[in-house]
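The values are calculated or read from the model by the stated rules, or taken from the named source; none is laboratory data. Bear in mind that the values here come from a model prediction, so they are computed numbers and not experimental data. Because the Cβ atoms are built from the backbone with ideal geometry, glycine has one as well, and the counts that use them run over all protein chains shown. Surface accessibility is based on the protein's heavy atoms, side chains included, excluding ligands, DNA and RNA. Shrake-Rupley method; radii C 1.70, N 1.55, O 1.52, S 1.80 Å.
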There are 2 protein chains.
Amino acid sequence: MTILRNDRTVPPGREVPDATVARLPVYLRALNALAEAGTPTCSSVDLAAAAGVNPAKLRKDLSHLGSYGTRGVGYDVEHLRHEVARAIGQTQDWDVVIVGVGHLGTALSSYQGFSTRGIRIVALVDADPTRIGTTVAGLEVEPVDRLPAIVAERGIRIAVVATPGAAAQEVADVLVAAGVTSILNFAPAHLEVPNGVDVRKVDLSIELQILAYHQQRRADETEATA
Amino acid sequence: MTILRNDRTVPPGREVPDATVARLPVYLRALNALAEAGTPTCSSVDLAAAAGVNPAKLRKDLSHLGSYGTRGVGYDVEHLRHEVARAIGQTQDWDVVIVGVGHLGTALSSYQGFSTRGIRIVALVDADPTRIGTTVAGLEVEPVDRLPAIVAERGIRIAVVATPGAAAQEVADVLVAAGVTSILNFAPAHLEVPNGVDVRKVDLSIELQILAYHQQRRADETEATA
DNA sequence: ATTTGTGAATGTCTTCACAGCC
DNA sequence: GGCTGTGAAGACATTCACAAAT
């Protein structure tokens, strides 16, 4: 009998690489689709195709979680789904506050995809007095000075910043002071946060600008060939 | 006298790495801020701080475009801004069509940040008959069967897909057939496209799920230490 | 004296290719 | 026979540290 740290098995290697973590939700989505279609089992090739990645990469990614496949057979969809869900913390729901209820914040509040992925939007906050008290996606918009109280009361650890760029740093400071340790930032600004706080940035303009870059290169090349 | 390929100087190394391309828009934004503040010159340390990256990384990134700094002095803000803008194709405006005018598509249509970054939303398309003919952000929503015509008429090369996941692949096929070669995909689905077509994916649920993963790890650790 | 531009070193991610197991 | 799990190789990205330039 081996010694256990706690009630669940300790994954072998520990420390899943960042690149892998970023893909696990994609695999989980593909597994959900397979499960709904009634597929009982799948190979790494099948699953990789559904997720849009190289099969070797998929296998290496999964190997960081443990050894859940059967050689010569493949993966049991239901079992793997359960293990991946556990690995990324989807066995519980995470309460999230959205700061900034402009067009983007409103869209995020109403986004259907969150609830089935363990994300629960539980509060909306804005600085604009004309928005406060209005109802968006079934939630009342609260004033920004209530933010520390909201975070504390509900034990919120994850926040979305969808304010204008100029307000983002100030909001982030308030969030961090209140106890938030994970921020998803849609504002076009770099957020400075203390160690131990996680920031992910989504920048809509930048995504299109990157596409424009490649588009331009294509245009330059065909021009040169012509 | 060296031989020139065409009227502008050919960048020395060619082929800017992907990771660099993804950061160039960030640098451009920081340079714009410096220019507006009236700063005439800046060092790599200054600019890196504004962009939130390591100075050595910034210098290596810029070195892929050319040699636009002065040793012992730094970079001329206005000049560097111009060069970075040219590198990422921001000297011209790119016409973009948005497919899917739900909450997210509407938010994107109204997004203020695009116009100043060379992105022009010129058409909106949806499959829902109740939305067709309505005006969103000053544009009339057109039916999805007009998509090929819209792309062809305006010579559109970049499209945004903001449909439900189930419709995304079909829309992508139509876009590619019509001549689009760059797609920004917000739908929660993997798009299969021919070689030569560029797809970038933004998945809002996944971003939050990645944060939740790290959040869970933090919780597990403090629990183990306690 | 100061700051760029860059070879070299390090770190990280991806892909190959096959041993090991069913 | 078929498929997983993984060591080893390769590709790519980041960071260091310093020579070259003003």
Net +/- balance of residues flanking B:Val176 in space, Cβ distance below 15 Å, scoring K and R +1, D and E -1: -1
When chain B is reduced to its Cα atoms, the Kirkwood hydrodynamic radius in Å: 20.4
Cα-based shape type of the stretch B:18-87, given that a ≥ b ≥ c are square roots of the gyration tensor eigenvalues and the cut on a/c is 1.5: rounded
Radius 15 Å from Cβ of A:Thr70, net charge of other residues (Lys, Arg +1; Asp, Glu -1): -2
Threshold 40 Å², the stretch B:27-73 residues less accessible with all protein chains present than alone (1.4 Å probe): B:Arg29
Summed side-chain charge close to A:Pro40 - residues other than A:Pro40 whose Cβ falls under 10 Å, Lys, Arg +1, Asp, Glu -1: -2
Chain B: relative contact order as a whole-number percent, Cα under 8 Å and 6+ apart: 13
Sites A:Ser115 and B:Arg218, calculated FRET efficiency, Cβ-Cβ separation with R0 25 Å, nearest 0.05: 0.60
Rg in Å to one decimal, and Dmax rounded to a whole Å, for the stretch B:94-206 via C-alpha atoms: 12.8, 36
Which of B:Phe114, B:Leu124, B:Phe186, positive extreme of dipole for the stretch B:94-206 (C-beta unit charges): B:Phe114
Per-copy distances of the A:Pro194 label point, shortest first, in nm (7 angstrom along Cα→Cβ): 5.6
Antiparallel DSSP beta bridges within chain A, percent to nearest 5: 20
Hydrodynamic radius (Kirkwood) for the stretch B:6-133, which is based on Cα pairs only, to one decimal in Å: 16.7
Trypsin sites (Lys or Arg not before Pro) lying in DSSP loop within the stretch B:170-218, provided at most 13 other Cβ fall within 10 Å: none
Kirkwood estimate for the protein assembly as shown, i.e. one over the average of 1/r between Cα atoms, Å: 24.0
Label spacing, shortest first and in nm, from B:Ala177 to its equivalents in the remaining copies (7 angstrom along Cα→Cβ): 5.7
Charge dipole magnitude, Cβ of K and R +1, D and E -1 - the stretch A:18-87, Cα centre, debye nearest 20: 200
Cα-centre dipole for the protein assembly as shown with unit charges at Cβ (Lys and Arg positive, Asp and Glu negative), debye to 20: 1100
Heavy-atom accessible surface of the protein assembly as shown: percent carbon and sulfur, 1.4 Å: 52
Rotation relating A and B, chain B residue nearest the axis via C-beta, angstrom: B:Ala107, 2
Other copies of B:Asn54: label-to-label distances in nm, shortest first, labels 7 Å along the beta-carbon direction: 2.4
Summed buried accessible area for A+B [probe radius 1.4 Å, Å², rounded to 100]: 6000
